Amino acid sequence: RPMYAKNTIIEPFLHLTTYYFIVFSYQLFILYQRILYNRKKKDGLHFIGHRLDCSMLRGIAMKILVVEDEEMLNNIIAKRLRVESMTVDCCFNGEEALDYLSTSGYDVVIMDIMMPKMDGLSVLKHMREEGNKTPVLFLTAKDSLQDKVDGLNLGGDDYLVKPFEFEELIARVY
């Protein structure tokens, strides 16, 4: 009988303590994500390659859209990003990209310029006209200075020329 009385008194307290610990942990997690989000967006420093702000985002799942018409390269990029704990959607032309962008929000878009149906520059122009401020990293074979300037002037946030190293791509995404 004393053991039963002891368990009756302590057991609800343990459940209550566990409940408050879980709630408190969840609230801290949400607060941490909000702080990181605000730091990422603060003063317009939301550029993909801004290492000072985005280096803290490693380990936090990001949602990325990969728009690349070469199926093999698209799959390789997606697999490598998933290894980095990112959520990845893939599409193979500009029209599909606009469909994906209209139905879901993304942290970053990695996009080729030369694609069928609609090129990457047209997709970016349409995104910016619609008010979509999602950072765009161009991943393309077009390597002239004028191509880079055109992509960045249209509202692209970064520009990486093929062939590329995955470590550099990952660093630019963060």
Item checked: Yes/no for Ile110 being of a type outside the set (Phe, Trp, Tyr), touching a Leu at 6+ places or on another chain (Cβ under 6 Å) and at pLDDT below 95 -> no
Check: Looking at the range 87-105, which of its residues are touching a helix residue (DSSP H, G or I) at 6+ places or on another chain (Cβ under 8 Å) and either outside any helix (DSSP H, G or I) or open to solvent by 80 Å² or more (accessible area, probe 1.4 Å) (or both)?
Finding: Val88, Asp89, Cys90, Cys91, Phe92
Check: Can you name the residue in the range 58-83 that is open to solvent by less than 50 Å² (accessible area, probe 1.4 Å) and either modelled with pLDDT under 50 or more than 11 Å from the chain's Cα centre (by Cα) (or both) and, of all such residues, is nearest to Gly155 (Cα to Cα)?
Finding: Val67
Check: Looking at the range 115-147, which of its residues are more than 24 Å from Asn75 (Cβ to Cβ), at pLDDT below 90 and surrounded by 17 or more Cβ atoms within 10 Å (Cβ to Cβ)?
Finding: Asp147
Margin query: Which residue is farthest from Asp112 (Cα to Cα), if the candidates are limited to the range 158-172 and must be surrounded by 14 or more Cβ atoms within 10 Å (Cβ to Cβ) and in contact (Cβ under 8 Å) with a residue 24 or more places away in the chain?
Written below: Ala171
Next item on the list: Filter the range 144-174 down to residues that are closer than 22 Å to Ser122 by Cα and part of a loop (DSSP other than H, G, I, E, B) and give me whichever is nearest to the chain's Cα centre (by Cα).
Entry: Asp157
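The values are calculated or read from the model by the stated rules, or taken from the named source; none is laboratory data. Predicted model only: the values in this text are computed from it and were never measured. Note that each Cβ is placed from the backbone with ideal geometry, even for glycine, and that neighbours are counted across all protein chains shown. With ligands, DNA and RNA removed, areas are computed over all heavy atoms of the protein, side chains included. Shrake-Rupley method; radii C 1.70, N 1.55, O 1.52, S 1.80 Å.
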